[in-house]
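Trainee: One structure, as structure tokens, below. Some questions next.
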Amino acid sequence: MELPKEVRYKTYDQWTKAEIEKIEERISQSPWHCNYHIEAKTGLLNDPNGFSYFDGQYHLFYQNWPFGAAHGLKQWVHMVSKDLVNFTETGTKLLPDHANDSHGAYSGSAYAIDEKLFLFYTGNVRDQDWVRHPLQIGAFMDKNGKIEKFNHALIEQPEDTTDHFRDPQIFQYQEQFYAIIGGQNLNKKGIIKLYKAVNNQVDSWKFVADLNFDNSGTAYMIECPNLVFVDGKPVLIFSPQGLSRQVLNYANIYPNTYQIFESFDPENGKLIGPRKLENLDFGFEAYATQAFNNPDGKALAISWIGLPDINYPSDQFDYQGALSLVKELHIKDGQLYQTPVDAITSLRGEAQAFADKASSSNTYELELQVPANQVTELKVFSDGKGRGLVLTIDTKSGQLSLDRSQVGQQYATDFGTIRTCQIPQEDVTLNIYLDKSTIEIFVNQGNQVLTSRVFPSKEESGISIIKGQVSGNYYEMRK
Ligand code: FRU
């Protein structure tokens, strides 16, 4: 939604109680709220931030502008979870209340250090002429959620980047802290910069190199870079903007991508042995995925189910955005797998035979088997009269497609209404998580993933098998 910047950058204390009540009232009227996915209490949710493990539980924040469905003065909103399925907001926020983050506490990461959680993020600062000065800044959060910010910037804007320089990810490699930061160089190309903590202390950072990762150099900006170790291999996840479609075939305004490597050489700032650049997700929206290694070394990831620069039907209720389920990452036969964490099954109700389901609550999981050598067509969010989200699983030619053109309120149609991906020409399993206005499809235990939003009408809540054979279970999902 286009709101004047005077509104978007009003400081939080300038919003009156009456204005806030009106915003709360509007959001409560939406028919599209998710039951088991994270949404903002109010306003816009975008990137997951600070995903980490600290003090015996998981911590996760979301980027948020709390006053409407627009990208305004951002804060981080804090949540905790024991099982990565049930998250609770604690009331703690990383507010844009310091001279070094005066125009937004932009995206970043977190890492438990001693008895505190270190938050490493971008302070978006604009001067009187609205010129942006991005600063990489830090804070420590204690066990009670008390946040203390460093007064000095930890990393200033380098001379060889534009003002697009943000989203630090801290990680440890061989006991040493490093950070990677997304940016744009003076030739307007997307790059990732690598830094190293001086004496392994996070209050001082030294530039190592522009990360050498087989960058095609066709994007004009790289947002939210994440390096995570998956079954021993470094995997770089990032959100390039303006990437050439000759380099990677993608349909959304911006893709979320990844590359698997053989090894990491931090001294030379190089990721060695690149495999092909790949789409992390084949649905209509998944972006800014944040991944980290938990203390057991497990790689965990979570995505924003949304995209920058897109208007959403929920804007009419003054809110936007949701977070995906938390996914565990693995590499099998050289391929990345993303699977919802095991604890997701704790939300399942009784198993019911899929074939018997015609109507639904639009909050369920389907676990389905589709045989080889046939074309299966399913409709979810179906109104029983022809409208619905069409999922075609073609195990003959090895293609899966999702057609959003005949369901719900239409939006972002400039980028097409169908998404496709390749699947094996064999029996296929599907885990489909549907939640009022989100759908996440995991093909063959997460070998391919399609994440999307749908904003259905009241009638669009059924399931129909249009053709083909498909069997499996339906599980109602608890809140
Ligand atoms: C990605 C992004 C980040 C930035 C944040 C601001 O969606 O643009 O690069 O830090 O959102 O909210």
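The values are calculated or read from the model by the stated rules, or taken from the named source; none is laboratory data. Remember, predicted model here, so these are calculated numbers, not experimental data. Counting neighbours? That spans all protein chains shown, and the Cβs are built from the backbone with ideal geometry, glycine included. Surface areas here come from the heavy atoms of the whole protein model, side chains and all, with no ligands, DNA or RNA. Shrake-Rupley method; radii C 1.70, N 1.55, O 1.52, S 1.80 Å.
Trainee: Within the range 1-25, work out how many residues are in a helix (DSSP H, G or I) and within 25 Å of the chain's Cα centre (by Cα). Steps first, please.
Mentor: Filtering the range 1-25 down to residues in a helix (DSSP H, G or I) leaves 5-8, 12-14, 17-25.
Narrowing the set further to residues that are within 25 Å of the chain's Cα centre (by Cα) leaves 8, 23-24.
So the count comes out to 3.
Trainee: Name the residues in the range 223-282 that are of a type in the set (Lys, Arg) and touching a residue at least 24 places away in the same chain (Cβ under 8 Å), would you? Show your work before the answer.
Mentor: Narrowing the range 223-282 to residues of a type in the set (Lys, Arg): 233, 245, 270, 275-276.
Across the range 223-282, the qualifying residues are 233, 270, 275.
Trainee: Might you check whether a residue that is crowded, with 17+ Cβ neighbours inside 10 Å, within 26 Å of the chain's Cα centre (by Cα) and farther than 19 Å from residue 463 by Cα occurs anywhere in the range 399-413?
Mentor: Checked the range 399-413: at least one residue is crowded, with 17+ Cβ neighbours inside 10 Å, within 26 Å of the chain's Cα centre (by Cα) and farther than 19 Å from residue 463 by Cα.
Trainee: Take the conditions of a type in the set (S, T, N, Q), closer than 25 Å to residue 97 by Cα and away from the ligand (no atom under 16 Å from the Cβ) and apply them to residue 29. Does it pass?
Mentor: Numbers: of a type in the set (S, T, N, Q): yes; closer than 25 Å to residue 97 by Cα: no; away from the ligand (no atom under 16 Å from the Cβ): yes.
Taking the combined requirement at face value, the residue does not satisfy it.
Trainee: How many of the residues in the range 374-389 are more than 16 Å from residue 362 (Cα to Cα) and crowded, with 19+ Cβ neighbours inside 10 Å? Before you say what the answer is, go through the steps one by one.
Mentor: Initial filter on the range 374-389 (more than 16 Å from residue 362 (Cα to Cα)): 374-377, 385-386.
Filter once more, so that each one left must be crowded, with 19+ Cβ neighbours inside 10 Å: 376.
Number satisfying all stated conditions: 1.
Trainee: Can you name the residue in the range 97-112 that is part of a loop (DSSP other than H, G, I, E, B) and closer than 18 Å to residue 131 by Cα and is also farthest from the ligand (Cβ to nearest atom) among such residues? So that I can check it myself, show each step before the final result.
Mentor: At the first step, the residues of the range 97-112 found to be part of a loop (DSSP other than H, G, I, E, B) are 97-98, 102-104.
Narrowing further to those that are closer than 18 Å to residue 131 by Cα: 98, 102-104.
Numbers: 98: 16, 102: 14, 103: 10, 104: 6 Å.
Here the residue is 98.
Trainee: Next up: Residue 307 - would you say it is within 13 Å of the ligand (Cβ to nearest atom) and either within 20 Å of residue 223 (Cβ to Cβ) or basic (Lys, Arg) (or both)? Quick ask: steps written out before the conclusion?
Mentor: Working: within 13 Å of the ligand (Cβ to nearest atom): yes; either within 20 Å of residue 223 (Cβ to Cβ) or basic (Lys, Arg) (or both): yes.
Considered against the rule, which asks whether it is within 13 Å of the ligand (Cβ to nearest atom) and either within 20 Å of residue 223 (Cβ to Cβ) or basic (Lys, Arg) (or both), residue 307 comes out as yes.
Trainee: Which ones in the range 204-230 are within 16 Å of the ligand (Cβ to nearest atom) and either in a strand (DSSP E or B) or surrounded by fewer than 22 Cβ atoms within 10 Å (Cβ to Cβ) (or both)?
Mentor: As a first pass, look at the range 204-230 and keep what is within 16 Å of the ligand (Cβ to nearest atom): 219-226.
Those that are within 16 Å of the ligand (Cβ to nearest atom) and either in a strand (DSSP E or B) or surrounded by fewer than 22 Cβ atoms within 10 Å (Cβ to Cβ) (or both): 220, 221, 222, 223, 224, 225, 226.
Trainee: Let me ask something else about it. Can you report the number of residues in the range 98-125 which are free of Cβ contacts under 8 Å to residues at least 60 places away in the same chain and either open to solvent by less than 20 Å² (accessible area, probe 1.4 Å) or closer than 27 Å to residue 5 by Cβ (or both)?
Mentor: Residues meeting the conditions: 11.
Trainee: What are the residues in the range 352-380 that are among the hydrophobic types (A, V, I, L, M, F, W, C), under 21 Å from residue 438 (Cα atoms) and modelled with pLDDT of 95 or more, if any? Break it down into steps so the answer makes sense when it comes.
Mentor: Taking the range 352-380 as the starting set, the residues that turn out to be among the hydrophobic types (A, V, I, L, M, F, W, C) are 353-355, 358, 366, 368, 370, 372, 375, 378, 380.
Now narrow it down to the ones that are under 21 Å from residue 438 (Cα atoms): 354, 358, 366, 368, 378, 380.
Matches in the range 352-380: 366, 368, 378, 380.
Trainee: Still on this model: Against the condition under 28 Å from residue 262 (Cα atoms), open to solvent by 10 Å² or more (accessible area, probe 1.4 Å), over 19 Å from the mean Cα position of the chain (by Cα) and at pLDDT below 95, how does residue 334 come out, does it pass? Don't jump to the end; show me each part of the working.
Mentor: Working: under 28 Å from residue 262 (Cα atoms): yes; open to solvent by 10 Å² or more (accessible area, probe 1.4 Å): yes; over 19 Å from the mean Cα position of the chain (by Cα): yes; at pLDDT below 95: yes.
The answer is yes for residue 334.
Trainee: Since residue 49 meets every condition but one in (1) within 16 Å of the ligand (Cβ to nearest atom); (2) of a type outside the set (A, V, I, L, M, F, W, C); (3) assigned to a strand (DSSP E or B); (4) open to solvent by 40 Å² or more (accessible area, probe 1.4 Å), which condition does it not meet?
Mentor: Failing condition for residue 49: (4).
Trainee: Could you tell me whether the range 231-244 includes any residue that is acidic (Asp, Glu), assigned to a strand (DSSP E or B) and open to solvent by 10 Å² or more (accessible area, probe 1.4 Å)?
Mentor: The first filter runs over the range 231-244 and keeps only residues acidic (Asp, Glu), leaving 231.
Right, trim to assigned to a strand (DSSP E or B) and you get none.
No, because not a single residue in the range 231-244 is acidic (Asp, Glu), assigned to a strand (DSSP E or B) and open to solvent by 10 Å² or more (accessible area, probe 1.4 Å).
Trainee: Here's something else I'd like to know. Only residues that are open to solvent by less than 40 Å² (accessible area, probe 1.4 Å) and in contact with a Pro (Cβ under 8 Å, 6 or more places away or on another chain): list them for the range 245-279, please.
Mentor: Within the range 245-279, 248, 253, 254, 255, 257, 259, 260, 261, 264, 271, 279 qualify.
Trainee: Considering only the range 79-96, state which residues are within 16 Å of the ligand (Cβ to nearest atom) and not aliphatic (A, V, I, L, M).
Mentor: Residues satisfying the conditions are 93, 96.
Trainee: Now a separate question. Quick one: what pairs do we get from the range 165-184, first residue within 11 Å of the ligand (Cβ to nearest atom) and among the basic types (Lys, Arg), second modelled with pLDDT under 95 and open to solvent by less than 10 Å² (accessible area, probe 1.4 Å), C-beta under 9 Å, 6+ apart or different chains?
Mentor: That search, which allows pairs on different chains as well, returns nothing.
Trainee: Just to be sure, is residue 160 more than 16 Å from the ligand (Cβ to nearest atom), in contact with a strand residue (DSSP E or B) (Cβ under 8 Å, 6 or more places away or on another chain) and over 17 Å from residue 204 (Cα atoms)?
Mentor: Numbers: more than 16 Å from the ligand (Cβ to nearest atom): yes; in contact with a strand residue (DSSP E or B) (Cβ under 8 Å, 6 or more places away or on another chain): yes; over 17 Å from residue 204 (Cα atoms): yes.
Yes.
Trainee: Now for a different question. Of these, 420, 392, which one is open to solvent by 40 Å² or more (accessible area, probe 1.4 Å) and in contact with a Ser or Thr (Cβ under 6 Å, 6 or more places away or on another chain)? Can you show your working first?
Mentor: Working: 392 fails: open to solvent by 40 Å² or more (accessible area, probe 1.4 Å).
Criteria check complete, one pass: 420.
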